[in-house]
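First comes the structure, then the notes that go with it.
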Amino acid sequence: MKMHQKIKAYPGVALTAVALVVVILFGIMGTFLLYISSSGGLSAAGFLNGHKAYYIADAGIEYALNELAVTDTIVNETVSFGDGQFTITNTALTDTTFRLRSVGSIGKYTRNIQMDYYYVNIEPVPFEGANLAMDLTDWEGSGDISGEFDGTEVPVVADTAGESIIEAGNDDPFTISAWIRLNPLWDDPDNVMVIASLYQDEDKTYALFLEGGTVSGDVVAKVALRYRDVVFVADNSDVNDGEWHLVTGTAVRNGNTISCRIFVDDTEYADLTQRAPGNPVTGDVVYVSIGSWSPGGGDYFSGSISSVGVYQETLTEEDVSEIYYANPDVSGSAGSLITQILTVSEF
């Protein structure tokens, strides 16, 4: 008879084996969860730092544009910014266009932004369509004709007798415009400075000038226009910043009522009407004085005047804007410049 050997069961060993398998499985799952969690954290941190790097690169563009506004140049450099840094480089693509690149970085993360641009030169140019247009740097005459005025008498006066500047009429409309840059050292709030004066003999007939004043303790130069005995002042205007500005005054008479508009660059700063206390202007205006009322007439300009334009009509805001932006010079040369952005992209 064949005997069957009995096998003893040990329940404790089986349970231990099962528990060990469960522990191993939980360990594997825990490790996997930790890996997933760690990976997700790293991914989130990377996403955040990538965005930080982009904004740092954008800060580099803003920094470079600010330097351009202050110094007319952009210097290749690396600048610390918070926990990261940006590196800016400026490269000429042609004689007139440039490419600005900014690389923002934080840790191992980097983002790149580039901007293509060119300069628009808003230095004064002779006006189109003016009855009288004088670029003082080219104007042939006696005395100092450089267009630079030091606040004392400078004999920049044109005798245009026989060539009327403003012809007498029923409404006598006129406009005087000029590019000006006030001497940055000028600080006299009680001073009046004539830009251009149109007159008959020694009579102060029409004039565009600046009137000094103070606003919150700062010395300002307000743009003003004279029509015979009537004076209009754009109280909210100010050109005392050492920059080139196109200043324009236009007026028209209706009986004894004079209406005036005053612009700085392409923005209107005054729309005023007054009753004239005296008689209307009669006879043609044939003389112009630049930088003073008339020869020896006082209230001398301090700074630069260029491209004086006189019109026997009242220009509109659209006309003035067209003059301001007419035929911009994109040569890229330093001067009073604004920047025209062509494209902005990542690279």
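Derivation of every value follows stated rules applied to the coordinates shown; laboratory data play no part. Everything quoted here is computed from the prediction, not taken from an experiment. Heads up, the Cβs are rebuilt from the backbone with ideal geometry, glycines too, and the neighbour counts pull from every protein chain shown.
With both labels modelled 7 Å from their Cα along Cα-to-Cβ, the V75 to E313 distance reads 5.0 nm. A simple spin-label model places pseudo-atoms 7 Å from Cα toward Cβ; at N256 and T214 they are separated by 3.7 nm.
What the Cβ-Cβ distance of D241 and E128 gives, at R0 = 25 Å and to the nearest 0.05, is a FRET efficiency of 0.40.
Taking the Cβ of S304 as the centre, find all other residues whose Cβ is under 9 Å away and add up their charges (Lys, Arg: +1; Asp, Glu: -1).
0
Within the shell defined by Cβ-Cβ distances under 13 Å, the residues around H245 carry a net charge of -4, with Lys and Arg each +1 and Asp and Glu each -1. For the pair K108 and L272, a Förster radius of 51 Å applied to the C-beta separation gives a FRET efficiency near 0.20, rounded to the nearest 0.05.
With the simple spin-label model, which puts each label point 7 Å out from Cα in the Cβ direction, the D187 to V120 separation comes to 3.4 nm. Is any residue of the stretch 92-107 close enough, with backbone N under 16 Å, to a label point placed 7 angstrom from the Cα of L48 along the Cα-Cβ axis, and if so, which? Inside the label zone: 106-107. The slack between Q340 and E167, meaning 0.36 nm per residue of separation minus the straight C-alpha distance, is 58.2 nm.
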